[in-house]
Amino acid sequence: MKVSERIIEGLLWLSAVITILVTIGIIWVLLSQSIGFFQVVSLTEFLTEKEWTPLFADKKFGIMPLVAGTLLTTFIAIAVALPLGLTIAVYLNEYAPARMRQIVKPLLEILATIPTVVYGFFALTVVTPFLQQFIPGLAGFNALSAGMVMGIMIVPMISSLSEDAISAVPRSLREAAYGMGSTRLQTAFGVMVPAASSGIVVSVILAISRAVGETMIVAIAAGQQPRLTMNPLVPIETITTYIVQVSLGDVPHGSLEYKTIFAAGITLFVFTFALNNISFWIKKKYQEKYD
Amino acid sequence: MAKNNIKLEAKNLNAYYGDFKALKDITISMEEKAVTAFIGPSGCGKSTFLRTLNRMNDYIDGFRTEGDILLDGKDIYDKNIRVDELRKEVGMVFQKPNPFPKTIFENVVYGLKIQGIKNKAHLEEAAEKSLRQTALWEEVKDKMHKSALALSGGQQQRLCIARALAISPSVILMDEPTSALDPISTAKIEELIYELKNDYTIVIVTHNMQQAGRVSDNTAFFYMGELIEFGKTKTIFTSPSNDRTQNYITGRFG
Amino acid sequence: MTNSDKNRLKDKAFQVFGIFCTLIGLVVLAVFLIDILIKGLGRIDWEFLTSLPSRRAARAGILTAWAGTLWILVLTTIIAFPLGVSAGVYLEEYARKNRLSNFLEINISNLAGVPSIIYGLLGMEIFVRQMGLGGSLLSGALTLSLLILPIIIVTTREAIKAVPGSIRDGSYALGASKWQTVWNQVLPASFGGILTGIILALSRAVGEAAPLIVIGALAYVPFIPSSPLDEFTVLPIQIFNWTSRPQEAFLINAAAAIIMLLFITFLLNGIAVYLRNKQQKKIKW
């Protein structure tokens with residue numbers, strides 16, 4: 001009996017430790033494959049070259065165009081999701097009747113459960129043709145509609161995390177503000193939002209991290225042309241799209257072209273890893289403050 | 001005090017939560033088939049001490065003890081003692097009734113089932129016996145397979161006592177067993193304690209001075225992790241030798 | 001106009017803006033669902049559900065895609081369920097507060113933030129190449145299992161945390177060992193919460209395309225997989241493939257396939273929400 005208890009605890013421990021192996025596996029795979037890449041392409045070229053054409057005869061290995069595409073779509077997504085999400089959070093918390101909140105919240109959560117490939121379809125076949133009526137220069141594949149749709153997808157993430165942060169602000173603060181004759185708006189943006197700011201910042205950072213790693217929407221609707229531009233109307237390519245593009249093709253294993261997806265992958269990983277840890281750090285600090 | 005056998009005793013017991021010393025040099029003996037009450041203000045260590053008597057604190061990070069606790073003369077913190085065996089011998093009832101979210105029957109026979117007893121007739125017999133001991137049988141015999149959570153608070157607590165009796169312990173520890181109950185249920189539990197002491201050694205922690213006076217044979221007064229005074233309940237309540245005991249009993253603090 | 005009038009006006013204006021923003025989210029959702037229904041509903045018939053893929057849009061069906069999705073669902077559950085729940089139980093019930101458990105916690109929340117396509121790269125190297133499983137169902141399910149592991153662990157821990165300590169005390173006091181307490185008391189009491197978490201995690205896995213594309217799942221599979229080592233496609237990949245084609249007829253196929261995918265996703269989420277509500281009503285400690 002004592003022995004079987006030990007064995008069970010050992011197995012449970014093993015399951016928990018597997019998560020560490022996953023992290024090690026990810027880092028090892030990304031490093032071991034991209035080392036081969038960086039033996040051929042210098043880090044300087046990778047970071048400073050302005051073109052990315054590994055699949056063409058005239059190969060150039062500058063990651064900047066892919067990073068630019070990723071940042072552009074992310075920026076558009078956040079530009080849509082932050083004002084919408086934060087306004088919804090404040091509105092539901094300070095204005096909306098309880099019944100409305102009960103109905104609206106789960107409906108908004110549906111947005112977060114829809115598979116991203118479906119959002120991609122929506123961006124390509126509905127949003128882009130719709131926008132083309134107002135923006136004649138808009139290409140069939142563009143960062144604008146992909147980014148906007150991604151923004152809609154991220155809204156519930158920002159709105160529910162921000163709402164949690166706002167409702168965690170002690171009641172007494174809100175009552176103090178009302179007690180001095182503040183309107184709901186003044187209470188919300190003068191007291192509640194600043195008091196919940198670290199929680200809101202965490203939600204935005206996590207949303208950025210999500211947008212940076214998002215794949216299918218941009219792969220379907222933003223195009224496959226690595227281009228160092230901030231123009232949202234033309235086709236671009238993100239890091240994630242590039243990985244999909246190469247995976248769909250017939251690039252032989254072990255070739256330099258194959259290794260490029262790991263170099264792109266490690267770049268993506270560094271971005272999201274940094275963002276996640278910043279948010280983790282803020283959350284930690286913030287919790288200590290309230291305990 | 002010497003006329004009865006000593007069932008449980010602590011010798012120079014110290015206990016720590018990390019760096020905090022919760023119990024300081026406790027030496028005390030508890031008589032067999034008698035009720036010993038622990039009283040004292042909140043945080044005085046009486047519950048901590050109770051929980052060391054069946055090693056319920058083992059799973060708390062950073063908890064450790066020094067000194068000995070002897071059950072029938074054997075150290076319960078000895079390496080060769082298996083804690084599950086110890087707890088079959090030393091049962092426990094808690095502050096708030098904590099029936100498992102299962103049927104009444106499943107609650108009573110839980111302790112037997114985890115010992116591997118599967119014989120249905122045997123389990124049913126044991127369940128009836130311990131429910132009769134706690135005067136609950138007549139009230140629940142028709143709903144043995146209904147959820148225990150549907151019982152009233154007082155019934156739940158008696159179920160928890162029945163559950164402890166089912167594995168035939170010789171000692172029952174009670175951690176403020178009536179603090180969450182109404183006066184009528186409390187009276188029933190106190191009556192029960194009076195009955196049970198014919199067969200069991202009972203140690204009870206209580207906040208309620210009158211309760212200690214009513215149910216116990218011996219009383220120990222704890223203060224700031226120390227055992228201040230211990231003796232016959234009558235003596236402690238009528239002529240305590242220590243000022244702090246006197247003050248506490250007369251309600252000057254606590 | 002006095003200052004206070006102005007403030008009140010601003011307040012009202014924000015209220016209207018708040019309703020407007022909330023509506024944008026809901027209207028987009030509605031437009032989107034209606035658009036897909038209009039485009040795709042007419043295309044769904046028995047033949048569409050039971051036909052193999054084809055280069056001709058009118059003859060193509062989603063048989064292999066939804067069969068692959070079902071396979072992936074079952075295999076991922078078999079792999080991720082025991083692993084995730086065990087890890088959650090370990091962290092919540094067994095782990096002492098020390099450096100290892102602290103690190104495990106940070107690590108798991110980090111894994112939850114790793115983009116799904118990175119899991120694809122991991123699966124590609126480890127399962128497809130090193131373990132030689134190829135672009136099979138098993139590779140796909142293993143990859144997705146790792147992807148949803150953090151979600152299952154986190155929800156398992158939350159469900160276990162909700163079980164009051166007094167239940168554990170009661171069980172220990174009757175001589176139960178740690179594992180007996182976990183198995184007989186903690187897990188049954190938290191099962192509803194754990195199940196909800198697993199279903200939500202599976203609904204996430206069902207919608208994933210990117211990691212499966214990376215490990216080499218195919219768009220064109222002319223047979224139903226019959227073993228975990230067979231090649232496969234899934235609904236999201238089929239949708240991606242059809243969406244990437246210029247012909248209008250394929251877009252209609254994609255819309256029809258989306259309806260089926262959303263049906264599965266919403267069904268899973270609906271079950272999860274139902275279980276959660278039922279659980280909240282049932283348990284009153």
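Please verify whether the range B:111-121 includes one or more residues that are surrounded by 20 or more Cβ atoms within 10 Å (Cβ to Cβ), part of a helix (DSSP H, G or I) and either facing another protein chain (nearest Cβ under 10 Å) or of a type in the set (F, W, Y) (or both). There is at least one residue in the range B:111-121 that is surrounded by 20 or more Cβ atoms within 10 Å (Cβ to Cβ), part of a helix (DSSP H, G or I) and either facing another protein chain (nearest Cβ under 10 Å) or of a type in the set (F, W, Y) (or both). Among the residues of the range A:116-151, just one is part of a helix (DSSP H, G or I), within 14 Å of chain C (Cβ to nearest Cβ) and under 11 Å from A:V234 (Cα atoms), namely A:S145.
You will find that of C:L137, C:L147, the residue that is within 10 Å of chain A (Cβ to nearest Cβ), touching an Asp or Glu at 6+ places or on another chain (Cβ under 8 Å) and surrounded by 20 or more Cβ atoms within 10 Å (Cβ to Cβ) is C:L147 and no other. Number of residues in the range A:164-202 that are within 14 Å of another protein chain (Cβ to nearest Cβ), more than 29 Å from the chain's Cα centre (by Cα) and either crowded, with 17+ Cβ neighbours inside 10 Å or not aromatic (F, W, Y) (or both): the value is 9.
Restrict the check to the range C:111-123 and report whether at least one residue is out of contact with any Pro (no Cβ under 6 Å at 6 or more places or on another chain), open to solvent by 40 Å² or more (accessible area, probe 1.4 Å), assigned to a helix (DSSP H, G or I) and assigned by TED's automatic domain parsing to the domain that holds C:L202. Checking the range C:111-123: not a single residue is out of contact with any Pro (no Cβ under 6 Å at 6 or more places or on another chain), open to solvent by 40 Å² or more (accessible area, probe 1.4 Å), assigned to a helix (DSSP H, G or I) and assigned by TED's automatic domain parsing to the domain that holds C:L202.
Go through the range C:1-18 and report how many residues are part of a helix (DSSP H, G or I) and more than 7 Å from chain A (Cβ to nearest Cβ). Working first, answer last.
Step one: filter the range C:1-18 for residues part of a helix (DSSP H, G or I), giving C:3-18.
So of that shortlist, the ones also more than 7 Å from chain A (Cβ to nearest Cβ) come out as C:3-6, C:9, C:12-13, C:16.
Number satisfying all stated conditions: 8.
When B:G91 is tested against (1) in a strand (DSSP E or B); (2) more than 23 Å from B:D199 (Cβ to Cβ); (3) facing chain C (nearest Cβ under 9 Å), exactly one condition is not met: (2).
Are there any strands (runs of 3 or more DSSP E) wholly within the range B:153-254 with 2 or more residues that are touching a residue at least 24 places away in the same chain (Cβ under 8 Å) and either basic (K, R) or more than 14 Å from chain C (Cβ to nearest Cβ) (or both), and if so which? Can you show your working first?
Details: elements: B:171-175, B:201-205, B:218-223, B:226-232.
Because the criterion is at least 2 residues that are touching a residue at least 24 places away in the same chain (Cβ under 8 Å) and either basic (K, R) or more than 14 Å from chain C (Cβ to nearest Cβ) (or both), the strands (runs of 3 or more DSSP E) in the range B:153-254 that meet it are B:201-205, B:218-223, B:226-232.
Being more than 14 Å from every other protein chain (Cβ to nearest Cβ) and not basic (K, R) is a property that does not hold for B:F63. Within the range B:94-104, the residues that satisfy the criterion of being surrounded by 20 or more Cβ atoms within 10 Å (Cβ to Cβ) and more than 8 Å from chain C (Cβ to nearest Cβ) are B:P97, B:I104.
Of all residues in the range C:233-262, those being open to solvent by 10 Å² or more (accessible area, probe 1.4 Å), polar (S, T, N, Q) and more than 11 Å from chain A (Cβ to nearest Cβ) number 1. Looking across the range A:91-104 at every residue that is more than 7 Å from chain C (Cβ to nearest Cβ) and crowded, with 17+ Cβ neighbours inside 10 Å, the one that is nearest to C:F263 (Cα to Cα) is identified as A:L92. The single condition among (1) more than 10 Å from every other protein chain (Cβ to nearest Cβ); (2) closer than 15 Å to A:S145 by Cβ that A:A221 does not satisfy is (1). Looking across the range B:7-65 at every residue that is closer than 21 Å to B:P240 by Cα and aliphatic (A, V, I, L, M), the one that is farthest from the chain's Cα centre (by Cα) is identified as B:I26.
Residues that are away from chain C (no Cβ under 14 Å), over 30 Å from C:T181 (Cα atoms) and either of a type outside the set (A, V, I, L, M) or surrounded by fewer than 20 Cβ atoms within 10 Å (Cβ to Cβ) (or both): does the range A:16-39 have at least one? Yes, the range A:16-39 has at least one match.
Among the candidates C:I79, C:I62, C:I34, the residue that is modelled with pLDDT of 90 or more, open to solvent by less than 50 Å² (accessible area, probe 1.4 Å) and within 14 Å of another protein chain (Cβ to nearest Cβ) is uniquely C:I79. Scanning the range B:134-147 for residues that are in a helix (DSSP H, G or I) and open to solvent by 60 Å² or more (accessible area, probe 1.4 Å) yields B:E138, B:E139, B:K141, B:D142, B:K143.
Going by the structure shown, is A:Y95 farther than 26 Å from A:S209 by Cα, in contact (Cβ under 8 Å) with a residue 12 or more places away in the chain and aromatic (F, W, Y)? Break it down stepwise before answering.
Values: farther than 26 Å from A:S209 by Cα: yes; in contact (Cβ under 8 Å) with a residue 12 or more places away in the chain: yes; aromatic (F, W, Y): yes.
Spelling it out, A:Y95 is indeed farther than 26 Å from A:S209 by Cα, in contact (Cβ under 8 Å) with a residue 12 or more places away in the chain and aromatic (F, W, Y).
For the range C:37-50, filtered to residues that are open to solvent by 40 Å² or more (accessible area, probe 1.4 Å) and aliphatic (A, V, I, L, M), the residue that is nearest to the other protein chains (Cβ to nearest Cβ) is C:I38. Which residue pairs have Cβ atoms closer than 8 Å, lie 6 or more positions apart in sequence or on different chains, and pair a first residue in the range A:188-204 that is aromatic (F, W, Y) with a second residue that is buried (at least 22 other Cβ atoms within 10 Å of the Cβ)? Listed pairs, sorted by first residue: A:F189/A:V90. Among the residues examined, A:A139 qualifies as in the same structural domain as A:L233 (by TED's automatic domain parsing) and more than 24 Å from A:L82 (Cα to Cα). In the condition set (1) at pLDDT 90 or above; (2) within 10 Å of another protein chain (Cβ to nearest Cβ); (3) surrounded by fewer than 19 Cβ atoms within 10 Å (Cβ to Cβ), C:A219 is compliant with all but (1). Please verify whether the range C:203-215 includes one or more residues that are more than 27 Å from C:T50 (Cβ to Cβ) and open to solvent by 10 Å² or more (accessible area, probe 1.4 Å). Yes, that holds for at least one residue.
Looking only at residues that are hydroxyl-bearing (S, T, Y) and assigned to a helix (DSSP H, G or I) in the range C:160-197, which one is farthest from the other protein chains (Cβ to nearest Cβ)? Within the range C:160-197, the match that is farthest from the other protein chains (Cβ to nearest Cβ) is C:T196.
Among the residues of the range B:9-21, is any in contact (Cβ under 8 Å) with a residue 60 or more places away in the chain, open to solvent by 10 Å² or more (accessible area, probe 1.4 Å) and touching a Gly at 6+ places or on another chain (Cβ under 8 Å)? Checking the range B:9-21: at least one residue is in contact (Cβ under 8 Å) with a residue 60 or more places away in the chain, open to solvent by 10 Å² or more (accessible area, probe 1.4 Å) and touching a Gly at 6+ places or on another chain (Cβ under 8 Å).
Of all residues in the range B:148-184, those being open to solvent by 20 Å² or more (accessible area, probe 1.4 Å), small (G, A, S) and touching a helix residue (DSSP H, G or I) at 6+ places or on another chain (Cβ under 7 Å) number 3. Residues in the range C:161-178 that are in contact with a strand residue (DSSP E or B) (Cβ under 9 Å, 6 or more places away or on another chain) and either open to solvent by 10 Å² or more (accessible area, probe 1.4 Å) or of a type in the set (S, T, Y) (or both): C:D169, C:Y172.
The values are calculated or read from the model by the stated rules, or taken from the named source; none is laboratory data. For clarity, every value in this text was computed on a predicted model and none was experimentally measured. Glycine also receives a Cβ, built like all others from the backbone with ideal geometry; neighbour counts cover every protein chain displayed. Areas reflect the complete protein model, heavy atoms only, side chains present, ligands, DNA and RNA absent. Shrake-Rupley method; radii C 1.70, N 1.55, O 1.52, S 1.80 Å.
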